[in-house]
Amino acid sequence: MELKLALIGFGVVGRGFTDIIIRKRNYLLSRYNLKVRVVGICDLKYGSVVNTEGLDITKALEVVRSGKSLEKEFDGVKGLGALEFIDVSNADVVVEATWTNLETGEPGLTHVKKALSSGRHVITTNKGPIALAYRELSSLARSRGVKLLFSGTVMSGTPSIRTLIRGLAGCYVSEVAGILNGTTNYILTKMEEGLTFNEALRDAQLKGYAEADPTMDVDAWDPAAKIVILANIAFDSDLKPKDVIRRGIRDIRLDDIKDALRRGKRIKLIARAWIDGNTVRAKVTPEEVDINSFFGQVTGTVNAVMYRTDSLGDVYLIGRGAGGEEAGQAILADLIELNSMLEESKVLTSK
Ligand code: HSE
């Protein structure tokens, strides 16, 4: 089927996704019967343009890569703010990939609410709205008969959320634990090699892993949001990031790391959520783990998660958790899932 997409946010993630759908255009059609038409792009830096006939997205990437404004280079309806843009684009799917704000969820939260209330499916990689308002947003989506997909919010394209929702469907999950932040894992790994905390952080920023405000990583807000997202799915709870016991890696010293290594241990920033009686609890704290354990072997920017289940025991997943291509893949996987759900519902209605 053909899906009309409106992209809000054309930064690393929005462009990573666009790049993939250009490269895989023929594959998407032949393998998934999916044709993608981007009818609008709205970005704070590069401007906003709508053309319901479809935009030339190869040109959009070129324009933005050369630092120019989309509004200057394209014909169509231009200069709209995000909310008006959603209406005018008349898209089937709004892809929300603006920056994460874990205090208010804005502006992403308003974008997602607006898109869902106006009857559009939403795919987002934005952690803020999902960590702060998952219940409210999923019930809004249900009430409007549309889908909300957000697999890129935790471990980007590595399918931590899809594994939990689909792969482990029917299992009781009693604990979720993970290394969910690439920046801090990279810093801890580099400190083992002798770099100071600040040198390692600078390195992570240069590589583009760190959040715009790196205290989100270092003080563990980012993994706190991610464990909240996973916990609320696993336990049907309504945790918020502020409910998570949280200690980042700011006070870890080289001596602590060396001392742990001498004892065959590594210090890792582990996010955990578990059921304690009738209460769901979550924490993100540095923990010492055996070097040869699963988490002890996760180094650099790599992420990993473990789901403790009744029927399968412990299920592990490891992979890259950040980057434009990786997050773009998460959006693509969501889009393919949406496309098959829509095609199946068409088949059912026609019976
Ligand atoms: N800053 C995050 C990290 C990016 O380092 O994992 C992905 O959410």
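Å³ per residue of the Cα convex hull, for the chain?
On the way: hull volume 50.7 nm³, N = 351.
For the chain, the hull spanned by Cα atoms encloses 144 Å³ per residue.
Looking at region 203-267, which trypsin sites (Lys or Arg not before Pro) are in a loop (DSSP not H, G, I, E or B) and have at most 16 other Cβ atoms within 10 Å?
On the way: sites: K207, K226, K242, R246, R247, R250, R253, K258, R262, R263, K265, R266; in loops: K207, R247, R250, R253, R263.
Within region 203-267, the qualifying trypsin sites (Lys or Arg not before Pro) (loop, at most 16 other Cβ atoms within 10 Å) are K207, R247, R250, R253, R263.
Filter the trypsin sites (Lys or Arg not before Pro) in region 1-67 down to the DSSP loop ones having no more than 12 other Cβ atoms within 10 Å, then list what survives.
Details: sites: K4, R15, R23, K24, R25, R31, K35, R37, K45, K59, R65; in loops: K24, K45.
Sparse-neighbourhood loop trypsin sites (Lys or Arg not before Pro): K45.
In the structure displayed, which of K45/K346; K24/K127; K226/K265; K4/K242; K24/K240; K113/K346 lie more than 28 Å apart, Cα to Cα?
On the way: K45/K346 39 Å; K24/K127 26 Å; K226/K265 25 Å; K4/K242 37 Å; K24/K240 37 Å; K113/K346 25 Å.
In this structure, K45/K346; K4/K242; K24/K240 exceed 28 Å between Cα atoms.
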> Roughly how large, in nm² to one decimal, is the mean projection of the convex hull of the alpha-carbon atoms in region 242-317?
Replying inline: 6.5
> Once amide H atoms are placed 1.01 Å from N in the peptide plane, what residues at a sequence separation of 5 or more from V38, or on another chain, have their amide H within under 5 Å of its amide H?
Replying inline: L5, L55
>> So, for region 251-329, what is the accessible surface per residue at a probe of 1.4 Å, expressed in square angstrom?
In response: 49
>> Mean Kyte-Doolittle hydropathy of 0.5 or higher plus an axial Cα length of 18 Å or more: which whole DSSP H helices in the chain meet both?
In response: 221-235
>> Could you work out the percent of alpha carbon pairs in region 215-260 separated by over 16 Å, rounded to a whole number?
In response: 47
> Between region 242-305 and region 120-137, what is the C-alpha centre distance in whole Å?
Replying inline: 27
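Expressed as a rounded percentage, what relative contact order does the chain have, with Cα pairs under 8 Å and six or more residues apart? Walk me through the numbers before you get to the answer.
Values: 718 pairs, mean separation 67.9, N = 351.
Normalised by residue count, the contact order of the chain is 19 percent.
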>> Quick check on region 291-351: take the gyration tensor over C-alpha atoms, sort the square-rooted eigenvalues as a ≥ b ≥ c, and tell me if it's rounded (a/c under 1.5), prolate or oblate.
In response: oblate
> What aspartates and glutamates could a cross-link reach from K59, if we take a straight Cα to Cα line under 14 Å and drop same-chain neighbours fewer than 8 places away?
Replying inline: D19, E71, E73, D75
> Where the eigenvalues come from the Cα gyration tensor of region 66-106, what are the semi-axes √(5λ) of the equivalent ellipsoid, largest first, in whole Å?
Replying inline: 22, 16, 9
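What per residue convex hull volume, in Å³, do the alpha-carbon atoms of region 8-69 yield? It would help to have the intermediate numbers written out before the result.
Values: hull volume 5.0 nm³, N = 62.
Here the figure is 80 Å³ per residue.
Before rounding to the nearest 500, sum -39500 (n - 2.57) across all DSSP H runs of length at least 4 in the chain and divide by the residue total; then give [θ] at 222 nm in deg cm²/dmol. Let's see the in-between values first.
Working: 13 runs with 145 residues, N = 351.
The per-residue figure over the chain is -12500 deg cm²/dmol.
K24 to Y172: extension gain in nm, 0.36 nm per residue of separation minus the Cα-Cα distance? Present the calculation step by step, with values, prior to reporting the outcome.
Details: separation 148, 0.36 × 148 = 53.28 nm, distance 3.68 nm.
Additional length available on full extension: 49.6 nm.
Rounded, prolate or oblate: which fits region 100-203, taking a ≥ b ≥ c as square roots of the Cα gyration tensor eigenvalues, rounded meaning a/c under 1.5, else prolate when a/b beats b/c?
Values: a/c = 3.19, a/b = 1.70, b/c = 1.87.
Verdict is oblate for region 100-203.
Is the shape of region 1-122 rounded, prolate or oblate, going by the alpha carbon gyration tensor and its root eigenvalues a ≥ b ≥ c, with a/c under 1.5 for rounded and a/b larger than b/c for prolate? Let's see the in-between values first.
Working: a/c = 1.44, a/b = 1.17, b/c = 1.24.
It comes out rounded by the Cα gyration axes.
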> According to the Cα gyration tensor, what semi-axes, each the square root of 5 times an eigenvalue, does the equivalent ellipsoid of region 101-141 have, listed from largest to smallest in whole Å?
Replying inline: 16, 10, 8
> What FRET efficiency would be calculated for the residue pair D310, M341, taking the C-beta separation as r and a Förster radius of 25 Å, to the nearest 0.05?
Replying inline: 0.35
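Once you charge only the Cβ atoms, +1 for Lys and Arg and -1 for Asp and Glu, what is the size of the charge dipole of region 160-320 about its Cα centre, to the nearest 20 debye?
That gives a dipole near 140 debye.
Between Rg and the Kirkwood Rh of region 160-320, both from Cα atoms, what is the Rg to Rh ratio?
On the way: Rg = 15.5 Å, Rh = 15.9 Å.
Radius of gyration over Kirkwood radius for region 160-320 works out to 0.97.
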> When only DSSP loop residues count, what GluC sites (Glu not before Pro) in region 168-253 have their Cβ near at most 10 other Cβ atoms within 10 Å?
Replying inline: E193
>> Just to check I understand the Karplus step: with θ = phi - 60° and J = 6.51 cos²θ - 1.76 cosθ + 1.60, what whole-Hz values come out for region 300-314, glycine and proline as x?
In response: x, 8, 5, 10, 7, 9, 10, 10, 8, 10, 6, 8, 10, x, 8
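The values are calculated or read from the model by the stated rules, or taken from the named source; none is laboratory data. Just so it is clear, the model here is predicted, and its values are computed rather than measured. Counting neighbours? That spans all protein chains shown, and the Cβs are built from the backbone with ideal geometry, glycine included. All accessible areas refer to the heavy atoms of the entire protein, side chains included, with ligands and DNA or RNA removed. Shrake-Rupley method; radii C 1.70, N 1.55, O 1.52, S 1.80 Å.
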